[in-house]
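Only one structure is covered here, and it is reproduced in the block below.
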Ligand code: BES
Ligand code: MN
Ligand code: ZN
């Protein structure tokens, strides 16, 4: 990982000096100084390159002032906030990560807080997963090793960096889990990686099929029935709050590979289903972030880990299973498996922990991408306050969620003639809402929210805060949510 350090404004001997301008191409103080030192080369390069100071715009003034100066746009001066800082940090690292330079020095005239977000984004956008790329040429490998951020208050920036470092550790953990292929990450190996969080003080329990059978988790177990890999339930507890304080519970769908089961998916694109454990991955990453920064809150993370495979012993369409709640489910479609896994994971969590809030994350439906596109996660909740708090946390960190309704008629549509419910309606309409209505049947009085992250857990395109691939969506949202609602 890149080394990040903070220092006061001052001369730069090596590396790339990055200075800022606002809308209209107005050079900020450090940029004006660099321009003067280079005999006007910065302003001249800006002009030649049609630089307007728009957010994330970059002009490389190689050779200026005896070194290399980069001018970056911050947009409207009055609108510079942490997310603008992140857009800028991400844009710069995207451009220079492999350029040959070893060090980037940011000298932007922004607050220490925003300077911290610049560095955060640079590290997150600079994430790489190269462990299986054995033939990378040297010029394809990252050259940037050090990010130095100059700020008027380096002590304040360093103090805040602790929390950012924790978030980075969490997001990185999630991305690694999500990116690993399903022959490497399956329920047992996923659980093993979670067990590493014990070192940070997280209490980790792993339940196997025998224990889950005893608890009556027929819905979860039915999904894993066709797999050679044993299903697991991981229970993580971070006890950073007062002993009697009810915890916030986070529950994740962890389908380590989703073939669809006997309701087999088409082969084309099926490789994407290695990241069908993105919800569990986000919960695991959030636990890591919280434990790393020693959050003053009680948080439990529960992961339902299964592999959905077709097999001679796999669950069939029409099978009826009994969930831990006692409710029976007719499995019309073995590819609507996430809700079956969560049915038991949610019930278990609510029953055992009596949480103050229960939030589940799941790559639950393809339909959520049809409804919302790829920029928002779907949010469903039985509580307006919880819903508003999650929405605000997401907005604050740039992981946005958008609320959709829980619809009574779609709940009736999953009534079954031969069991308490079926797992699909048979119609494509409101597919994401149907998934949420199903989950709600396994939630009692608990204040609960369901985040459908099928559209945001993985990205075919790089964006300012992540390269292409696993995004880590949810980790920073949950970290922020816990901070805002449980840590006063
Ligand atoms: N894991 C999928 C949903 C998904 C699709 C996630 C694309 C990420 C990208 C889920 O298990 C699934 O198969 N859902 C079905 C539900 C249907 C059978 C009611 C779907 O979305 O088609
Ligand atoms: Mn499926
Ligand atoms: Zn799935």
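The values are calculated or read from the model by the stated rules, or taken from the named source; none is laboratory data. What you see is a predicted model, and the numbers here were worked out from it, not measured in a lab. Here the Cβ positions follow ideal geometry from the backbone for every residue, glycine too, while neighbour counts run over all protein chains shown.
From the list 233, 264, 220, pick out the single residue that is assigned by TED's automatic domain parsing to the domain that holds residue 297, away from ligand 2 (no atom under 16 Å from the Cβ) and modelled with pLDDT of 95 or more.
Only one candidate passes the filter, namely 233.
Is it true that some residue in the stretch 404-421 is within 24 Å of the chain's Cα centre (by Cα), more than 13 Å from ligand 1 (Cβ to nearest atom), assigned to a helix (DSSP H, G or I) and outside the structural domain of residue 80 (by TED's automatic domain parsing)?
no
Across the stretch 352-376, which residue is nearest to residue 403 (Cα to Cα) among those that are more than 15 Å from ligand 1 (Cβ to nearest atom) and out of contact with any helix residue (DSSP H, G or I) (no Cβ under 9 Å at 6 or more places or on another chain)?
Filtering first and then ranking leaves 375.
Only one residue in 299, 255 is touching a helix residue (DSSP H, G or I) at 6+ places or on another chain (Cβ under 7 Å) and within 16 Å of ligand 2 (Cβ to nearest atom). Which one?
Being touching a helix residue (DSSP H, G or I) at 6+ places or on another chain (Cβ under 7 Å) and within 16 Å of ligand 2 (Cβ to nearest atom) holds for just one of 299, 255, which is 255.
Please identify the pairs in which a residue from the stretch 186-210 that is under 12 Å from residue 287 (Cβ atoms) has its Cβ atom under 7 Å from the Cβ atom of a residue that is modelled with pLDDT of 95 or more and surrounded by fewer than 13 Cβ atoms within 10 Å (Cβ to Cβ), counting only partners at least 6 apart or on another chain.
If the second residue must be modelled with pLDDT of 95 or more and surrounded by fewer than 13 Cβ atoms within 10 Å (Cβ to Cβ), the pairs left are 204/198.
Only one residue in 341, 321 is within 15 Å of ligand 1 (Cβ to nearest atom) and touching a residue at least 40 places away in the same chain (Cβ under 8 Å). Which one?
341
Hey, among 120, 197, which residue is touching a helix residue (DSSP H, G or I) at 6+ places or on another chain (Cβ under 8 Å), within 25 Å of residue 238 (Cα to Cα) and in the same structural domain as residue 28 (by TED's automatic domain parsing)?
Being touching a helix residue (DSSP H, G or I) at 6+ places or on another chain (Cβ under 8 Å), within 25 Å of residue 238 (Cα to Cα) and in the same structural domain as residue 28 (by TED's automatic domain parsing) holds for just one of 120, 197, which is 120.
May I ask you to list the residues in the stretch 440-480 that are outside any loop (DSSP other than H, G, I, E, B), surrounded by 24 or more Cβ atoms within 10 Å (Cβ to Cβ) and more than 16 Å from ligand 1 (Cβ to nearest atom)?
448, 449, 475, 476, 477, 478, 479
Does the stretch 395-416 hold any residues that are touching a residue at least 60 places away in the same chain (Cβ under 8 Å) and more than 30 Å from residue 120 (Cβ to Cβ), and which are they?
Passing the criteria: only 416.
Inside the stretch 3-100, counting only strands (runs of 3 or more DSSP E) that do not spill past its ends, which hold 1 or more residues that are within 21 Å of residue 156 (Cβ to Cβ)?
3-7, 16-22
Give the residue, chosen from 83, 71, that is surrounded by 20 or more Cβ atoms within 10 Å (Cβ to Cβ) and in contact (Cβ under 8 Å) with a residue 12 or more places away in the chain.
71
Which of (1) in contact with a helix residue (DSSP H, G or I) (Cβ under 8 Å, 6 or more places away or on another chain); (2) farther than 30 Å from residue 87 by Cβ; (3) surrounded by 20 or more Cβ atoms within 10 Å (Cβ to Cβ) does residue 422 not meet, given it meets every other one?
Among (1) in contact with a helix residue (DSSP H, G or I) (Cβ under 8 Å, 6 or more places away or on another chain); (2) farther than 30 Å from residue 87 by Cβ; (3) surrounded by 20 or more Cβ atoms within 10 Å (Cβ to Cβ), the lone unmet condition for residue 422 is (1).
Please tell me if residue 7 is buried (at least 17 other Cβ atoms within 10 Å of the Cβ), over 16 Å from residue 144 (Cα atoms) and touching a strand residue (DSSP E or B) at 6+ places or on another chain (Cβ under 7 Å).
no
Residues of the stretch 328-377 being away from ligand 2 (no atom under 16 Å from the Cβ), surrounded by fewer than 19 Cβ atoms within 10 Å (Cβ to Cβ) and part of a helix (DSSP H, G or I), which ones?
Of everything in the stretch 328-377, those that are away from ligand 2 (no atom under 16 Å from the Cβ), surrounded by fewer than 19 Cβ atoms within 10 Å (Cβ to Cβ) and part of a helix (DSSP H, G or I) turn out to be 351, 352, 371.
Quick check on the stretch 417-428: of everything there that is in contact (Cβ under 8 Å) with a residue 12 or more places away in the chain and out of contact with any strand residue (DSSP E or B) (no Cβ under 7 Å at 6 or more places or on another chain), which residue is nearest to residue 371 (Cα to Cα)?
428
(1) more than 34 Å from the chain's Cα centre (by Cα); (2) touching a residue at least 24 places away in the same chain (Cβ under 8 Å): which one isn't true of residue 119, the others all being true?
Exception for residue 119: condition (1).
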